[in-house]
Amino acid sequence: MNLTENHIAQIKHDIMLRGVTLEDLSDSLLDHICCVLEQSSETDFETAYEQAIDAFGKAGLEHIEIETQLLITHKKQITMKKTMYFLGYIAVAISTTGVLFKIQHWPGASVLITLGIVILNFGFLPMYFYDKYKNAISS
């Protein structure tokens, strides 16, 4: 089947009507549907298009967008948690080293303790409480 510009515009409009708002996802779905239609043995556009849409399952295109948004959000949450734990580790390591320096009366102890506390208060703790807040809202 050969697709015309009108067919492509109709598919793009239908994808938008089915609840897909992410532009990259919309373009990918448009490309996928066009490839399926071009390989279809059907000669009628409407019949081939309905078969292509039915191939996405009962949940349809809106479900695909929801899953995509969840994956994007999950990836951001993982990155934030890794950063949060890294900052917590660094803050504790620097503070502990500062305390050791203070006990041994070595120079630089107060700088290390201060730096550790600053990283803890302005890096780790805000991210920690933000994560707890997000988890409380989603529960």
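The values are calculated or read from the model by the stated rules, or taken from the named source; none is laboratory data. Everything quoted here is computed from the prediction, not taken from an experiment. Please note: Cβ atoms are built from the backbone with ideal geometry, for glycine as well, and neighbour counts cover all protein chains shown.
Can you name the helices (runs of 4 or more DSSP H) wholly within region 46-139 that have at least 3 residues being within 30 Å of Val36 (Cβ to Cβ)?
By residue number, 60-104.
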Item to check | Candidates Lys81, Lys58, Lys102 - the one that is touching a residue at least 12 places away in the same chain (Cβ under 8 Å) and of a type in the set (Lys, Arg) | outcome: Lys81
Next on the checklist: Looking only at region 13-63, count every residue that is in contact with a Leu (Cβ under 7 Å, 6 or more places away or on another chain) and within 25 Å of Thr73 (Cα to Cα) and tell me the total.
Outcome noted: 6
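Each row is one residue, and each column tells you yes or no for (1) at pLDDT 95 or above; (2) loosely packed, with under 12 Cβ neighbours inside 10 Å.
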residue	(1), (2)
Thr47	no, yes
Glu50	no, no
Gly60	no, no
Ile90	yes, no
Ser95	yes, no
Leu112	yes, no
Checklist entry - Being under 22 Å from the mean Cα position of the chain (by Cα), in a loop (DSSP other than H, G, I, E, B), touching a residue at least 12 places away in the same chain (Cβ under 8 Å) and surrounded by 13 or more Cβ atoms within 10 Å (Cβ to Cβ), is that true of even one residue in region 21-37? => result yes
Checklist outcome for this item: Going through region 48-92 in order, the residues found to be over 22 Å from the mean Cα position of the chain (by Cα) and basic (Lys, Arg) are Lys58
